[in-house]
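See structure below.
The values are calculated or read from the model by the stated rules, or taken from the named source; none is laboratory data. What you are looking at is a predicted structure, and each value in this text was computed from that prediction instead of being measured. Every residue, glycine as well, gets a Cβ built from its backbone with ideal geometry; the counts of neighbours run over all protein chains shown. What goes into the accessible areas is simple: the full protein's heavy atoms, side chains included, and nothing from ligands, DNA or RNA. Shrake-Rupley method; radii C 1.70, N 1.55, O 1.52, S 1.80 Å.
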Amino acid sequence: MTHPVTSGPRSEAIFADSEGYFPGGVNSPVRAFRAVGGRPVVIRQGRGSRVTDVDGRELLDYIGSWGALLLGHAADDVVAALREATIRGTSFGMTTPYEVELARLIRAAVPSMAVMRFVNSGTEAAMSAIRLARGFTGRDKIVKFAGCYHGHADPLLAEAGSGLATFGLPSSAGVPGAAVAGTLVAPYNDLAAVQAIFAAHPETIAAVIVEPVAANMGVVRPAQGFLEGLREIATRDGALLIFDEIITGFRVARGGAQARYGVTPDLTCLGKIIGGGLPMGAYGGRRDIMDMVAPLGPVYQAGTLAGNPLVVAAGIATLRRLVDPAVYASLERETARLAEGLADAAARAAARVSVVREASMLTVFFTDTLPLDYGAARAADLTRFARFFHAMLGRGVLLPPSQFEAWFVSAAHTDADIADTLKAARAAFLEIG
Ligand SMILES: *Cc1c(COP(=O)(O)O)cnc(C)c1O
C-alpha cells in the first residue's frame, strides 16, 4: 500500500524519536497506525472538536481519546475543576468528599450500581468485576463474546476485538493457557450459542460479560432480544450478568446501555467518560455482591491512586454537564446527520459500505452486509478502509486508525464540523473509487 503523506515533518521526527523509547513508538498499540499504514500524526494540543498536531495542522477529531471525551477537548468546566483540584493536592491515598460526590452522580444515572469501587482504568474494572463474580458465585468459568474487548487482563484476552483484531492475533503471547481455560467465547448476538455453552457447563459459569453495544469490533448493535436473553439465561443458571459499559456508559444514554435497552445487569464496568479524560474506571452493582469486596469481604482489590481527587474532579465536572438532557439530544441529532450524510456520500460514489450508528458513535464498515458479529465485521475490506482513512486525514479529519474502532462525536462537534466532515467524506469516497 502506498499512502499520501499525511503526517508532517515534525510528527515524523518526534515519532522516530518515540520509536526509540516505546515499543512501536506508542503507549497503546492502535496509536501506531499499523492497521492503516503510514506514519502517525503526533498531537500537541486539543480544544473542543479539534486537535493540533506538532506541525501546527488542525484536525477535526473523531477519536476523542477513544470515547473518553464526551465534552470534547479541554472543556472549560473540566479544566477549571482540574485547576482547583490540583491546588488542593492531587492525591492523599485517603477518603475525600470528592469521590463521594462522583459516586453520587454515577449512581443517580446508573441506579443498578448501588455500591461501587473506583479503579484507575477500564482494564482494572473488568478484571476486578470478573474476580468478584468468581468470588461471589464460587464458580470459575466466564462467558465472553468474540470481538468484545474488556481490557487486557489475562482471562479476558481471548478473541478480544479491535487492538487484537487489528493485528490479527487470536490472543496474546504471555497469557498462560490456564488463564483463559475458563473463558468460553460465543459469537456476539448469538443466544443459541450462549444457551449451548450453559447447557454444556451447568452451574459452573460465574458470569457472562458483554459490551451491551459492541464498540471494539467497530460498532455492532445488539439484536432485538439479545440483552434480555442474556439476562434470562444468566439468572436461570445462577450466573451474574456483567455489562462492560466502559464505552457505552454516559454515552449511549446518561444511564448507559442498560437504561437505553431496559436490561439490568448484576455488575457494571465504567471507565473513559467518568474520568473526564483522565485515567479512571469503576465497577459496581448489587450491594450483596459488592459486599464481597475487601475490606467487607474476601475478594481482594485495591489501588494506591484509585479515586484520587484530580481524576474525580474531571469526572464530576463532566457528569454535572451530562445531567442536562439537551446534551444527549444534540449529540443524537448531530451524529444522525453525520451517519446519514456518510451513507449518502458513499452511495453517490457507489462505495459499498454499511454505516452503523448507536447514539454518538458510529462505524463505517467497508462491507455492504450489516455486521451483527465479529465474523461479519472482519469481512470488511481493510485496504479500502485504510485508503479512506488517509483520504480523510489528508482533508483534515482524524478518524480512528482502524476499521474496528468507533468514531466518537462529542458535545463540542458543531453543525459546521459535521458539514466539513461530510464534504471531506464525499471527496474521499470518490478519491478511493
Ligand atoms: C477501553 C475499554 C476497556 C479498557 O479500558 P482501559 O482504560 O483502556 O484499560 C475495557 N472495555 C471496553 C468496552 C473498552 O472500550
Could you tell me how far the Cα centroid of the stretch 35-61 sits from the Cα centroid of the stretch 246-295, in Å?
30
Expected 222 nm ellipticity per residue - DSSP helices of 4 or more, -39500 (n - 2.57), all of the chain, to 500
-12000 deg cm²/dmol
Using 1/(1 + (r/R0)^6) with R0 = 45 angstrom and r between the beta carbons of Ala178 and Arg107, what's the FRET efficiency to the nearest 0.05?
0.80
Using θ = phi - 60° and Karplus 6.51 cos²θ - 1.76 cosθ + 1.60, couplings along the stretch 74-88 (whole Hz; Gly, Pro as x)
6, 4, 3, 5, 5, 4, 4, 5, 5, 4, 4, 5, 4, 5, 6
The lysines whose Cα lies under 18 Å from the Cα of Lys423, excluding any fewer than 8 residues away in the same chain, are none
First check a/c for the stretch 256-390, with a ≥ b ≥ c the square roots of the eigenvalues of its C-alpha gyration tensor; if it is under 1.5, answer rounded, and if not, answer prolate when a/b is larger than b/c or oblate otherwise.
prolate
Students often forget the sequence filter, so: which lysines lie under 19 Å Cα-Cα from Lys272 once same-chain residues fewer than 8 apart are removed?
none
Carbon and sulfur atoms: what percent of the 1.4 Å accessible area of the chain do they account for?
55
In whole Hz and in residue order, list the ³J(HN,Hα) couplings for the stretch 134-144 that follow from phi through the Karplus curve 6.51 cos²θ - 1.76 cosθ + 1.60, θ = phi - 60°; x for Gly and Pro.
5, x, 6, 8, x, 10, 10, 7, 9, 10, 10
Would you mind working out the accessible area per residue for the chain, using a 1.4 Å probe, and quoting it in Å²?
40
